[in-house]
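Remarks on the structure that follows.
The values are calculated or read from the model by the stated rules, or taken from the named source; none is laboratory data. Since the model is a prediction, treat every value here as computed from it, not as a measurement. Note that we place each Cβ from the backbone using ideal geometry, even for glycine, and neighbour counts take in every protein chain shown. Protein only, heavy atoms only, side chains kept; ligands, DNA and RNA dropped before computing areas. Shrake-Rupley method; radii C 1.70, N 1.55, O 1.52, S 1.80 Å.
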Amino acid sequence: MPHLRPDLEDLATRGLYDARHEHDACGLGFVVDLKNGASHRVVEMGLEILKRLAHRGAAGADPTTGDGAGILVQIPHRYFERVLYREGKEIPPQGDYGVASCFLSRDPAKQQLQMKTIADIARYHNQKVVGWRDVPVSTRAVGALGRRSMPVMKQLFIARIAEAKAFERTLFMIRKRAGKVCSEKGWGDDFYVASCSSKTIVYKGLMLPERVADLYPDLAADDFESQLALVHSRFSTNTFPTWERAHPYRRIAHNGEINTLRGNQNWMRAREALLASKHFEEHLQDFKPIIRPDGSDSASLDNVVDFLVAGGRSLPHVMMMLVPEAWATQTDMPEDKRAFYEYHASLVEPWDGPAALAFTDGEVIGATLDRNGLRPAKYVVTKSGLVVMASELGVLSIDPADVVEKGRLQPGKMFLVDTKKKRIVSDEELKRDIAEAQPYGDWLKKNKIDLSALPDVSALYSMDHVERARLWRAFGYSREDLRVLLAPMAKNGEEPVGSMGTDTPIAPLSDKPVTLFRYFKQQFAQVTNPPIDPIREDLVMSLVSCVGGEGNLLEESPGQCRLLELPHPILTNGDLAKLQRNAMPDFRCATLEATFARAGDPEAALREALDDLCARASRAVDEGYSLIVVSDRGASAGRVPIPSLLAVGAVHHHLIREEKRVRVGLVAETGDAREVADVALLIGYGAGAVNPYLAFETIAELTEENVTVATKNYVKALKKGLLKVMSKMGISTIAS
């Protein structure tokens, strides 16, 4: 049950009105004082914002235990200097020490092991351990359910020995190694470091937003000062609320959902094999997996942001590459900025929302919306130097006469406040400076290849009616597939319209053989997200697909964008022939047959064929092939085609396990895929492009018109269908 706003509690039973419906998605906000610098007033304003965002949070069966809330501030040096001196500890000057804010086990023995682990690792990284501090807490501020899982909270102070520029990176390495060692030793399930930085610190937990200050008496001290405060009130929609899942995280606070999460997580795991860094060296193994497997969508994004910032990129740069604007269709976008987005699309796919994201590294603080802009984010700038951004206006009481500017974030745009330069950096200026830092446009011109630039070649195969009919039987084509499905697509360029219902049994209960595709059902967007309209929101949708081997995500070099760009993932027979016969030595294409022997035990034969297919794919990568075509064209009277979805998925995951997946592009040459859902599934399970060759051959036989036109119509129907599938999943780009 959501927490009720105090001013609505008396209305809870008035007529048909039910105040329990007065809620929204998560609330986030920040406040910065550009004129007066760090003060306790900023912390108080941050807490006030949090209270006024209480209606955007939620609570469960225990109305006093919220889904989570918290505040991120700059390190309050004067306060820590005072309280630690009282405890007989002396800390270095501001910036020369870091604070690890830890959630520890309530088991005393386990807690000591966790504390010893992170302290020993700080020394392992050649830093000085100043000592531990017990964080004062008032458990009465937390509801009964929250108290049951409440961790012990302590702060570890670490003095800098490392070079000043590398200190934040060293603290990152300490935190990551501590988490990995604790997990390996068996005491990591209740060990969590909320923040470990020389610039920022996080106070958060499983409580109502208005109770954060009550739980942490630190926040009430007059000398607990900060120039900025980032706050968040959580409404959990897709993960169970826990202490560590409360926001803010170490870098971000998030309102919305990441609908592309599963793809983002899987591709990040695949990229780990190629990671290398002069900054991290052998310590890089401590960070894997980059994304913690039990984290929420917000936590997963924070893991990646945190890692890439530690790897050397600026925080705004990282946010631009992970949550890009809709650049592909923006004809008026400056070329440098377009080149930046296109280059980074070769490195990583978008983390697509709907999402409003606030972020900070302790020096800059800002916010951005995803390309759809379906989450609110509004800001106010005052003459007195305050900059306030939040999910809605009215989070602070500001005299209208003091307001200089107010507005809202636009889709894909970024709002940034620089506390060092004491000014707001416009979206245009910020992105221009980042986009001009490297010659991304020149790198793309010299390295990226467009499919249309490859020379046309003659078709590799030809079929007559007898061969087509044989393959229709082999791949389970029915008269309905030919007349009701493919013929209208070839004629009209649209998926055929049918009944809303179906009287056929679902695949697992059917007594007739069906294709493997029918065992899968479409996923939909999270409960709080409306579907995207792929027609009216065409500007933010993209079917552009890239195939080829990727590089090291932690570096930027011209060769990183050496990929083949496809306008969409549907390859005609002629397109595939161009790929297979291309003369470029670094784009060699290996075609692997995906069939198995008909004779003998079919299950054993299929298993053996899959193992052999995976082994051949692994060898092809070792031999330097950049493209692998998984093909069932070898199907014959004695050879049965492996279902393409099974073959592609097996190769994809085998190469991930072998740490070779991102070194090669994967293409499906398949006779069993013919409709939109089939193609969508193949892409979802690892294919960068799909050639439904038998569907094209069937169209050539069915059509009485120009075969070229019919083929284009069929491709058009598949493209429109893919956009519909993406829209229902809340995804805007095929790459995600």
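Listed by first and then second residue, the pairs with beta-carbon distance under 6 Å, at least 6 apart or on different chains, first residue in region 533-556 and closer than 24 Å to Gly373 by Cβ, second aliphatic (A, V, I, L, M), are Pro534/Met541; Pro534/Leu723; Leu539/Ala326; Val540/Ala326; Met541/Leu723; Ser542/Ala328; Leu543/Ile734; Val544/Ala328.
Being out of contact with any Leu (no Cβ under 6 Å at 6 or more places or on another chain), aliphatic (A, V, I, L, M), at pLDDT below 95 and open to solvent by 20 Å² or more (accessible area, probe 1.4 Å) is a property that Leu374 has.
Here region 174-207 is the region considered, the condition is being assigned to a helix (DSSP H, G or I) and crowded, with 23+ Cβ neighbours inside 10 Å, and the residue that is farthest from the chain's Cα centre (by Cα) is Cys182. When region 541-577 is filtered for residues that are in a helix (DSSP H, G or I) and open to solvent by less than 20 Å² (accessible area, probe 1.4 Å), the ones remaining, listed by number, are Gln560, Cys561, Leu576, Ala577. Test Ala507 against the stated conditions and say whether it is in contact with a Leu (Cβ under 6 Å, 6 or more places away or on another chain), small (Gly, Ala, Ser), over 30 Å from Ala356 (Cα atoms) and open to solvent by less than 50 Å² (accessible area, probe 1.4 Å). No. In this structure, Lys413 does not qualify as within 30 Å of Lys383 (Cα to Cα) and either at pLDDT 95 or above or more than 25 Å from the chain's Cα centre (by Cα) (or both). Got at least one residue in region 430-447 being part of a strand (DSSP E or B) and surrounded by 17 or more Cβ atoms within 10 Å (Cβ to Cβ)? Among the residues of region 430-447, not one is part of a strand (DSSP E or B) and surrounded by 17 or more Cβ atoms within 10 Å (Cβ to Cβ), which makes the answer no.
Here Leu34 passes the criteria (1) open to solvent by 30 Å² or more (accessible area, probe 1.4 Å); (2) modelled with pLDDT of 90 or more; (3) in contact with a Lys or Arg (Cβ under 7 Å, 6 or more places away or on another chain) except the one numbered (1).
Evaluated against (1) within 18 Å of Ile699 (Cβ to Cβ); (2) open to solvent by 50 Å² or more (accessible area, probe 1.4 Å); (3) acidic (Asp, Glu), Asp481 falls short on exactly one condition, (2). Residue check: Asp218 meets all listed conditions (1) open to solvent by less than 10 Å² (accessible area, probe 1.4 Å); (2) assigned to a helix (DSSP H, G or I); (3) over 19 Å from Val83 (Cβ atoms) but one, namely (3).
Taking every residue in region 614-634 that is open to solvent by 30 Å² or more (accessible area, probe 1.4 Å) and pairing it with any residue that is of a type in the set (Gly, Ala, Ser), at least 6 positions away or on another chain, the pairs with Cβ-Cβ distances below 7 Å are Tyr625/Ala590. Screening the candidates Met333, Met319 for the property of being surrounded by fewer than 21 Cβ atoms within 10 Å (Cβ to Cβ) and touching a helix residue (DSSP H, G or I) at 6+ places or on another chain (Cβ under 9 Å) yields one hit, Met333. Filtering region 395-420 to residues that are under 28 Å from Gly37 (Cβ atoms), open to solvent by 30 Å² or more (accessible area, probe 1.4 Å), in contact with a strand residue (DSSP E or B) (Cβ under 9 Å, 6 or more places away or on another chain) and not in a helix (DSSP H, G or I) leaves Ile398, Asp399, Val403, Val404, Glu405, Lys406, Arg408, Lys413, Lys420. Entry remark, region 447-494: residues being of a type in the set (A, V, I, L, M) and without any contact (Cβ under 8 Å) to a residue 12 or more places away in the chain number 3 in total.
State whether one or more residues within region 84-104 are crowded, with 23+ Cβ neighbours inside 10 Å and among the polar types (S, T, N, Q). No, region 84-104 contains no residue that is crowded, with 23+ Cβ neighbours inside 10 Å and among the polar types (S, T, N, Q). If we keep just the residues of region 285-309 that are open to solvent by 10 Å² or more (accessible area, probe 1.4 Å) and of a type in the set (Gly, Ala, Ser), which is modelled with the highest pLDDT? The extreme case among them is Ala299. Taken together, the criteria place Thr360 among residues that are open to solvent by less than 10 Å² (accessible area, probe 1.4 Å) and hydroxyl-bearing (Ser, Thr, Tyr). The residue that is surrounded by the fewest Cβ atoms within 10 Å (Cβ to Cβ), among those in region 450-475 that are among the hydrophobic types (A, V, I, L, M, F, W, C) and part of a loop (DSSP other than H, G, I, E, B), is Ala459.
Within region 263-278, being of a type in the set (A, V, I, L, M) and open to solvent by less than 20 Å² (accessible area, probe 1.4 Å) holds for Met268, Ala270, Leu275. For region 493-504, the set of residues classified as farther than 18 Å from Thr515 by Cβ and exposed (fewer than 13 other Cβ atoms within 10 Å of the Cβ) consists of Val497, Ser499, Met500, Gly501, Asp503, listed by residue number.
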